[in-house]
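What follows is a short report on a single structure.
The values are calculated or read from the model by the stated rules, or taken from the named source; none is laboratory data. Model, not experiment: these values are computed from the prediction. Don't worry about glycine lacking a Cβ; one is built from the backbone with ideal geometry, like all the others, and counts go over all protein chains shown.
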Amino acid sequence: MWIADLEALGDEELVRRFVSDGSSDAVDVLLRRHQDRVLGLAYRILGNRADALDASQEVFVAVFRKAASFRHQSAFTTWLYRLTVNACNDHARRRSRLPQPAEAVDVASPDAVGRADDRLAIAGAMRKLPLEQRTAVIMRDLLGLSYDEIAQATDTAVGTVKSRISRGRAALAGGLGERPEPEPGEAPARLSPKKP
Amino acid sequence: MSPHADTERLSAYLDGEVPTSERAGLEEHLASCPQCSARKSALEGVIRSVGGLPPVTTTEAEHLAIRRAVLEGAGARGPDWALKRARAWRIFAATAAVAAVVAGILSFVLVKASGPKVTSTASAPAPSASPALPSLANDAEVRSYARTQPGVSTFLGQGHAPAGAAAAPQAPLPAPTAAPPAFAQVNPSAPKSDRANASGAATQAGPPTLGSCTRDAVLSGGALLGATPVTYQATPAWVIAYGAPSGSPGGSAGTLDRVVVEVRSQSSCSVLDQATLVP
């Protein structure tokens, strides 16, 4: 089977081709289709490229090993994100220190230095976020996932996702010098997950 | 004035995750409350900043590192998998040795029947678990590799064998059935999808051996010329050559006048490539 034929196949079929036929071309095609999103998410969560690559390797090894555990309850991509989040959590746990997002800013890029400053600022602020808030904000604001998808990928309730995104954004706003003004009377309440 | 909107509600509002029924009230409040409106703007700034982070592109080196991890990970699937793999290999080695003998006998008989043109009738080499297996990547390589195999080169060198000669080596094998159902597996005129179905059926039959992979073709009149292990596009595979009769699969058994070469996956028996060689 030629690469061009494999490219027309769905994700699950590609996994099957490798698991049952040992087709390494199927691995190649699946990786090229999804590696950027997996590595990208891992990089934004873990903050450095080497750890992100480690996590990505674990994710794709798991994809081909745990193919049988994919139950079609979610989209394949959501399942991939879930594996990625789990791999990043494991990584972060294994490390004694907190993850250190160290955004590599490409100051030579065409966009102005002002953008680079902005990126440095957001990277610095994200470094201080708790892992689960950072994960939720990245999945929402960078990957554009819905609350439902994030809930599936992080194995939490939608309400928890909503709260993590809100807290993460509020903290980032503070870190960027754009602190949301406290609500009159009860500042702590605004960070609580529930409000009547 | 309505109560201030908390940050969680504003955040969800910006994501379109506030129920439609509550949206109008919230917007009304935002229009009249500079404090809440300012907090909403701050959150919008954060969303823009995070969304503006540059995309990550996997480098070729990173791609290869992930790929290697997957392929190596597949080799460490646990004792059960390794055991099956080892058993399949032993069965293959035994079957291939038998195939080599059959191929040797066949080429000998064919040469005798066709006259003394070829003096040497080298038997097919017994395939072994050599670490340096031939590596094939495409149809053209399969063809040229198959032509170098003794059983095949002898067959092709002789042109087609008379029907009588073809019958001789087949004598010990079960007679062809009246309507052989599965020779389509090696029939190059069959559409690709049919072949895929046929190999799919073979996959379900349990762990494949070279014998089970070739049985149907032999039963329907094909004569095994030889089989040898190779890697095909990095997949462990068998190159299997049959002398095949012309005419429709179910039709009258004509002379064996061409060689059908199949590349079959060792793990599933599925057809990875196929070629027909004519003298």
Practice problem: Sort out for me the helices (runs of 4 or more DSSP H) sitting completely within region B:7-76 that have 2 or more residues that are of a type in the set (D, E, K, R) and within 20 Å of A:Arg33 (Cα to Cα). | Solution: B:60-74
Quiz item: Which one of A:His91, A:His34 is part of a helix (DSSP H, G or I), away from every other protein chain (no Cβ under 12 Å), farther than 19 Å from A:Ala151 by Cβ and at pLDDT 85 or above?
Solution: A:His91
Quiz prompt | Among the candidates A:Gly168, A:Gly177, residue that is out of contact with any Gly (no Cβ under 6 Å at 6 or more places or on another chain) and either at pLDDT 95 or above or not in a loop (DSSP other than H, G, I, E, B) (or both) | solution = A:Gly168
Practice problem: Taking the residues in region A:121-132 that are away from every other protein chain (no Cβ under 11 Å) and at pLDDT below 85 as candidates, determine which candidate is nearest to A:Asn89 (Cα to Cα). | Solution: A:Arg127
Exercise. Mind listing whichever residues of region B:41-61 are surrounded by 20 or more Cβ atoms within 10 Å (Cβ to Cβ) and more than 22 Å from A:Arg127 (Cβ to Cβ)?
Key: B:Thr58
Quiz prompt | So B:Glu62, is it of a type in the set (Asp, Glu), closer than 30 Å to A:Gly168 by Cβ and modelled with pLDDT of 80 or more | solution = yes
Exercise. Go through the residues of region A:18-30 one by one and say whether even a single one is at pLDDT 90 or above, on the phi < 0 side of the Ramachandran plot, surrounded by 18 or more Cβ atoms within 10 Å (Cβ to Cβ) and under 15 Å from the mean Cα position of the chain (by Cα).
Key: no
Exercise. Within region A:68-78, identify whether any single residue is more than 23 Å from A:Pro130 (Cβ to Cβ), surrounded by fewer than 24 Cβ atoms within 10 Å (Cβ to Cβ) and basic (Lys, Arg), and answer yes or no.
Key: yes
Quiz item: What do you reckon, is A:Val61 buried (at least 22 other Cβ atoms within 10 Å of the Cβ) and either assigned to a helix (DSSP H, G or I) or free of Cβ contacts under 8 Å to residues at least 40 places away in the same chain (or both)?
Solution: no
Quiz prompt | Near pairs, Cβ below 6 angstrom, 6+ apart or cross-chain, from region A:142-154 (within 19 Å of A:Cys88 (Cα to Cα) and within 12 Å of another protein chain (Cβ to nearest Cβ)) to any residue that is surrounded by fewer than 20 Cβ atoms within 10 Å (Cβ to Cβ) and modelled with pLDDT of 95 or more | solution = A:Ala151/A:Val158
Quiz item: Can you find even one residue in region B:21-35 that is facing chain A (nearest Cβ under 10 Å) and surrounded by 12 or more Cβ atoms within 10 Å (Cβ to Cβ)?
Solution: yes
Self-check item: Matching residues in region B:262-279 - criterion: being within 12 Å of another protein chain (Cβ to nearest Cβ) and of a type in the set (Val, Ile, Thr)
Solution: B:Val263, B:Val271
Quiz item: Taking into account only those residues within region A:117-133 that are touching a Lys or Arg at 6+ places or on another chain (Cβ under 8 Å) and not acidic (Asp, Glu), which is farthest from A:Gly47 (Cα to Cα)?
Solution: A:Gln133
